[in-house]
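Here the structure is laid out as structure tokens; the discussion comes afterwards.
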Amino acid sequence: MIFRNRPHAALQLYGAESLKSVSAPVSRFDRELRQLAEIMIKVMHELNGIGLAAIQIGIPKRIIVLDIAKESMGEPPTPGELQLLPRMPLALVNPQIVSSGDEIVPYEEGCLSVPSLYAEVMRPRLVRVKAQDLDGAGMEFEAGGLLGRCLQHEIDHLNGFLFVDRLSDEVHAGVADELEAMKRRGKRLHYRKELKI
């Protein structure tokens, strides 16, 4: 089991090489996968997050967890919001964006691996996502609102991207010094924050 000899999880911080890696597809839907999802949900809640990708705790597998409030539903809500928000917290395995809407909208994003930094990111308002649950059952849905935004952010993690990689040149210039300082601080911690789970 992944965590048998590992009573702590380590959050990977900005500057960690692991955060640039592409996570591997999940092919085994077993107790170990469920245990990983449980650990990820605990870490996400401990850090007051609404989403987490396995690579953020150093596990290069294509699994994300989400916990988004029902109150965040858009007007009108998308089918994905109606389907998934009542089931939170939730794990999605091998999620992928199969199509995106044409409308691009701004939203201020943050990230547990890039602590205390928030910046405006432009992303599609609507995405169609294909994924599996922890039993391997497939699903496909359209998502908007905070759910759609969070899915795009977490799926980016699985492909080696952070939200700061999506900033416009102008926005990036405004946070460049802060990012450099964060990288220097992270280096002293080996780009890890140990967590009790």
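Calculate one ³J(HN,Hα) per residue across segment 67-75 by plugging θ = phi - 60° into the Karplus curve 6.51 cos²θ - 1.76 cosθ + 1.60, and present them in order as whole Hz with x for glycine and proline.
8, 10, 5, 4, 5, 7, 4, x, 10
Starting from the Cα-Cα distance between E17 and K193, subtract it from 0.36 nm times their residue separation and give me the gain in nm to one decimal.
Extra length available between E17 and K193 comes to 61.9 nm.
Which distance in nm do the two modelled labels at M139 and Y107 give, with both placed 7 Å along the Cα-to-Cβ direction?
With each label point 7 Å from Cα toward Cβ, the separation is 1.7 nm.
Before rounding to the nearest 500, sum -39500 (n - 2.57) across all DSSP H runs of length at least 4 in the chain and divide by the residue total; then give [θ] at 222 nm in deg cm²/dmol.
Theoretical 222 nm ellipticity from helices: -9000 deg cm²/dmol.
Return F141, F29 ranked ascending by Cβ neighbour count within 10 Å, so the fewest neighbours appear first.
Values: F141 19, F29 15.
So the residues, fewest neighbours to most, are F29, F141.
Any idea how far apart S100 and K183 come out in nm if each label point goes 7 Å out from Cα toward Cβ?
According to this spin-label approximation, the distance is 2.4 nm.
Could you put S23, S116, S72, S99 in order, starting from the residue whose Cβ has the fewest other Cβ atoms within 10 Å?
Going from least to most buried by this count: S116, S99, S72, S23.
As a footprinting exposure proxy, order D156, D102, D133, D30 by other Cβ within 10 Å, with the fewest listed first.
Fewest to most other Cβ atoms nearby, the residues stand as D102, D30, D133, D156.
Evaluate the charge dipole of the chain about its Cα centre and quote only its size in Debye, nearest 20, assuming +1 on the Cβ of each Lys and Arg and -1 on the Cβ of each Asp and Glu.
Charge dipole of the chain: 1080 debye, to the nearest 20.
Gain in length, N159 to K70, computed as 0.36 nm per residue apart minus the alpha-carbon separation, to one decimal in nm?
Stretched out fully, the N159 to K70 stretch lengthens by 29.3 nm.
Go ahead and run the numbers for FRET between E32 and E170, Cβ-Cβ distance against an R0 of 35 Å, rounding to 0.05. Write down the numbers at each step before the final one.
On the way: r = 44 Å, r/R0 = 1.27.
Once rounded, the FRET efficiency stands at 0.20.
Match the structure shown to one of the listed values (i) 20; (ii) 24; (iii) 14 of percent of Cα pairs over 29 Å apart, computed from it, and give that label.
Recomputing percent of Cα pairs over 29 Å apart here gives the entry labelled (i).
When the Karplus curve 6.51 cos²θ - 1.76 cosθ + 1.60 is applied with θ = phi - 60°, which whole-Hz ³J(HN,Hα) does each residue of segment 49-54 get, with x for Gly and Pro?
Computed from phi, the couplings for segment 49-54 are x, 10, x, 7, 9, 4 Hz.
Quick one: which residues, 5+ away or cross-chain, put their amide H under 5 Å from the amide H of R192? H built at 1.01 Å from N.
Placed amide hydrogens put L13 under 5 Å from R192.
Given the options V129, V93, V175, which has the most mean-square fluctuation in a GNM of the chain, springs set between C-alpha atoms less than 10 angstrom apart?
The residue with the greatest mean-square fluctuation here is V175.
Where both residues lie in the chain, what percent of DSSP beta bridges are antiparallel, nearest 5?
Roughly 95 percent of the beta bridges in the chain run antiparallel, per DSSP.
What are the ³J(HN,Hα) values, in whole Hz, obtained from phi via the Karplus relation 6.51 cos²θ - 1.76 cosθ + 1.60 with θ = phi - 60°, for each residue of segment 116-124 in sequence order, with x given for Gly and Pro?
6, 10, 10, 7, 6, 10, 8, 9, x
Which lysines, on any chain, are close to K70 with Cα under 24 Å apart, when same-chain ones fewer than 8 places away are left out?
Result set, ordered by chain and number: K42, K130.
Only the coordinates and a few stated rules stand behind these numbers; no lab work does. Just so it is clear, the structure is predicted and the values come from calculations on it, not from any experiment. In this analysis, Cβ positions are derived from the backbone assuming ideal geometry, glycine residues included, and neighbour counts consider all displayed protein chains.
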